[in-house]
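Input: a single structure, listed below in structure tokens.
The values are calculated or read from the model by the stated rules, or taken from the named source; none is laboratory data. All values derive from a computational prediction rather than experimental measurement. Reconstructed Cβ throughout: ideal geometry from the backbone, glycine too, with neighbour counts over all protein chains shown.
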């Protein structure tokens, strides 16, 4: 225990040294960071979408109560730092979370930030008051909140029905920004107004999003950059050409897999790379409310047909790892280990799995003369279409004929939210490395982001129980049991988490992609060494 505490203290000390660098370090001010944004964002409201291109481009505009240390890519409760809150404390048997807020902060329009903004934001997100939301994908995160109370302008208390250790971690997520109470949220779909280090300058669909430095940012001396420009590009080939031509400084999230990395590296144009994992697992969506996948046996046949090792070898050139509902170790803290994964449907011997899939299909009346015919839908984004194309071959080998139907990236998210599909391939990203994020968003009955409409009352009880558990090791065992059940039920079968290599120009400093890619994009600490 003492060794662990010393390590934690050293880690914290390093983080603080980096956040508050010694005098004389050669950080440079100025310049505009040019980043690629793959596809048009569906809107600009982080709270109303799960699209990574919204989070990446809008995170610099906003602030959170608390925020993950930007210098530590593997996140957890120990890496949470103050942001709009100066400090916090638990009370009442860990059912009350009290925040003391930072004073002197203003919104980009000059109005003061207060506790009313906190209460307004999270009352809307948890559904306690109407806020004009079209979509609310993270409503289930905050279902345990019974009330949010303010005490003057600079104190706010979150009251919980039961203990929930993950609450602080969820509030630190990139998907949990604070919105202004004085603006209608409908406005924030096309505009943005925050407290962050950058202000929205312009949004030109199909072209770019431009941010400019916030001169009134509360953290003195930050940001280093004068601004950031997100160039909207719709194809992998165009992105590669833009980077090789040095017309952009960073690639977009999750678009530098190994084949692209090898191509960019071979171009020898001075690009640097950071190897990390995509927290977005490639998953199979089967609509459990519509035939034929309202039949759990047919869902099992699909997941048995998919040879995960074959996907990793052929599509990702070995640069991916097998996974389930939670980020695999060592990048995450909660995922199943290799032995647990090996016992799941579709993770063992491929031929044996495919034989069982054929037998299940035969029992349902399908065979060579009567294949099961379905449409496989997904996003036109290459990180979706590549595994989808591969899956069509796997399904055909067991007697399922699937036709690929890709949609524009923004349209695909809408189809998934409406359950307007039978079979799909989706990149499912957890917003934090904590089970409450993925379990409540993706598998709880009635959740907007539970795209397959999987609903199991027993699993719901198990999820609530682990959420309230304060003993960390006991909670991990409970979480693993739930994950195994979800994979066996075909709730949303996982295929793999790919590795990504985050291409960027070598003159960028403090560019540290987090393992959970929704986080860490505030851009406060980035500077250009040129």
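Please specify each residue of segment 114-129 satisfying the condition of being surrounded by 16 or more Cβ atoms within 10 Å (Cβ to Cβ) and either within 20 Å of the chain's Cα centre (by Cα) or touching a residue at least 40 places away in the same chain (Cβ under 8 Å) (or both). Show your work before the answer.
Step one: filter segment 114-129 for residues surrounded by 16 or more Cβ atoms within 10 Å (Cβ to Cβ), giving 114-115, 117-126.
Within segment 114-129, 114, 115, 117, 118, 119, 120, 121, 122, 124, 125, 126 qualify.
Please give the number of the condition residue 253 fails out of (1) surrounded by 17 or more Cβ atoms within 10 Å (Cβ to Cβ); (2) at pLDDT below 95; (3) closer than 14 Å to residue 264 by Cα.
(3)
Output yes when any residue across segment 307-314 is crowded, with 22+ Cβ neighbours inside 10 Å, assigned to a loop (DSSP other than H, G, I, E, B) and out of contact with any strand residue (DSSP E or B) (no Cβ under 6 Å at 6 or more places or on another chain), and no when none is.
yes
From (1) touching a residue at least 60 places away in the same chain (Cβ under 8 Å); (2) over 30 Å from residue 42 (Cα atoms); (3) part of a loop (DSSP other than H, G, I, E, B), pick out the condition that doesn't hold for residue 153.
Unmet for residue 153, out of (1) touching a residue at least 60 places away in the same chain (Cβ under 8 Å); (2) over 30 Å from residue 42 (Cα atoms); (3) part of a loop (DSSP other than H, G, I, E, B): (1).
Restricting segment 168-186 to residues that are in a helix (DSSP H, G or I) and touching a strand residue (DSSP E or B) at 6+ places or on another chain (Cβ under 8 Å), which is surrounded by the most Cβ atoms within 10 Å (Cβ to Cβ)?
Taking segment 168-186 and keeping what is in a helix (DSSP H, G or I), we get 168-171, 185-186.
Checking which are touching a strand residue (DSSP E or B) at 6+ places or on another chain (Cβ under 8 Å) leaves us with 168-169, 171.
Details: 168: 19, 169: 23, 171: 25.
Restricting to residues being in a helix (DSSP H, G or I) and touching a strand residue (DSSP E or B) at 6+ places or on another chain (Cβ under 8 Å), the top hit is 171.
Quick check on this structure: which one of 147, 132, 104 is in a loop (DSSP other than H, G, I, E, B), at pLDDT 95 or above and more than 22 Å from the chain's Cα centre (by Cα)? It would help to see each step written out before you state the result.
Working: 147 fails: in a loop (DSSP other than H, G, I, E, B); 132 fails: at pLDDT 95 or above.
After applying the criteria, what remains is 104.
Mind telling me which of the residues 341, 336, 361 ends up being within 29 Å of residue 518 (Cα to Cα) and assigned to a helix (DSSP H, G or I)?
Numbers: 336 fails: assigned to a helix (DSSP H, G or I); 361 fails: within 29 Å of residue 518 (Cα to Cα).
Answer to the selection: 341.
Pull out all pairs, ordered by first then second residue, where Cβ-Cβ is under 7 Å, the residues are six or more apart or on different chains, the first lies in segment 183-206 and is free of Cβ contacts under 8 Å to residues at least 60 places away in the same chain and on the phi < 0 side of the Ramachandran plot, and the second is part of a strand (DSSP E or B) and buried (at least 22 other Cβ atoms within 10 Å of the Cβ).
201/211
Among the residues of segment 384-421, how many are in a strand (DSSP E or B) and buried (at least 17 other Cβ atoms within 10 Å of the Cβ)? Don't jump to the end; show me each part of the working.
Of segment 384-421, the ones in a strand (DSSP E or B) are 400-407.
The next check asks that each one be buried (at least 17 other Cβ atoms within 10 Å of the Cβ); those that pass are 400, 402, 406-407.
Result for segment 384-421: 4.
Look through segment 422-453, keep the residues that are in a loop (DSSP other than H, G, I, E, B) and surrounded by 24 or more Cβ atoms within 10 Å (Cβ to Cβ), and return whichever of them is modelled with the lowest pLDDT.
Let us first name the residues in segment 422-453 that are in a loop (DSSP other than H, G, I, E, B), namely 422, 430-434, 444-453.
Narrowing further to those that are surrounded by 24 or more Cβ atoms within 10 Å (Cβ to Cβ): 430-434, 451-452.
Details: 430: 86, 431: 89, 432: 94, 433: 95, 434: 96, 451: 96, 452: 97.
If we take residues in segment 422-453 being in a loop (DSSP other than H, G, I, E, B) and surrounded by 24 or more Cβ atoms within 10 Å (Cβ to Cβ), then 430 is modelled with the lowest pLDDT.
Across segment 279-302, which residue is surrounded by the most Cβ atoms within 10 Å (Cβ to Cβ) among those that are in contact with a helix residue (DSSP H, G or I) (Cβ under 8 Å, 6 or more places away or on another chain) and under 29 Å from residue 74 (Cβ atoms)? Steps first, answer last, please.
Filtering segment 279-302 for residues in contact with a helix residue (DSSP H, G or I) (Cβ under 8 Å, 6 or more places away or on another chain) gives 280, 282, 284-286, 288, 292-293, 296-302.
Add one more test, that the residue is under 29 Å from residue 74 (Cβ atoms), and what stays is 280, 282, 284-285.
Values: 280: 23, 282: 29, 284: 27, 285: 23.
So the residue we want is 282.
Failed condition for residue 388, given (1) over 17 Å from residue 311 (Cα atoms); (2) out of contact with any helix residue (DSSP H, G or I) (no Cβ under 6 Å at 6 or more places or on another chain), with all others met?
The one condition residue 388 does not meet is (1).
Give segment 261-290 a look and list any residue that's in contact (Cβ under 8 Å) with a residue 24 or more places away in the chain and part of a loop (DSSP other than H, G, I, E, B), or say none.
Residues satisfying the conditions are 269, 270, 274, 275, 278, 279, 287, 288, 289, 290.
Residues 329, 322, 352: which one is surrounded by fewer than 16 Cβ atoms within 10 Å (Cβ to Cβ) and within 23 Å of the chain's Cα centre (by Cα)?
329
For segment 365-383, indicate whether the set of residues that are under 30 Å from residue 477 (Cα atoms), outside any helix (DSSP H, G or I) and under 25 Å from the mean Cα position of the chain (by Cα) is non-empty.
Going through segment 365-383, the residues under 30 Å from residue 477 (Cα atoms) turn out to be none.
Within segment 365-383, not a single residue is under 30 Å from residue 477 (Cα atoms), outside any helix (DSSP H, G or I) and under 25 Å from the mean Cα position of the chain (by Cα).
Looking only at segment 236-260, how many residues end up being under 18 Å from residue 315 (Cβ atoms) and not in a helix (DSSP H, G or I)?
Of the residues in that region, 4 qualify.
Quick check: is even one residue across segment 356-369 buried (at least 21 other Cβ atoms within 10 Å of the Cβ) and farther than 19 Å from residue 307 by Cβ?
yes
In the list 50, 59, which residue meets the criterion of being modelled with pLDDT under 95 and either outside any strand (DSSP E or B) or within 17 Å of the chain's Cα centre (by Cα) (or both)? Break it down stepwise before answering.
Details: 59 fails: modelled with pLDDT under 95.
Selected residue: 50, the only one of 50, 59 that is modelled with pLDDT under 95 and either outside any strand (DSSP E or B) or within 17 Å of the chain's Cα centre (by Cα) (or both).
Within segment 500-510, track down each residue that is crowded, with 21+ Cβ neighbours inside 10 Å and either in a loop (DSSP other than H, G, I, E, B) or modelled with pLDDT of 95 or more (or both).
Of segment 500-510, the ones crowded, with 21+ Cβ neighbours inside 10 Å are 500-504.
Once the filter is applied, which keeps residues that are crowded, with 21+ Cβ neighbours inside 10 Å and either in a loop (DSSP other than H, G, I, E, B) or modelled with pLDDT of 95 or more (or both), segment 500-510 yields 501, 502, 503, 504.
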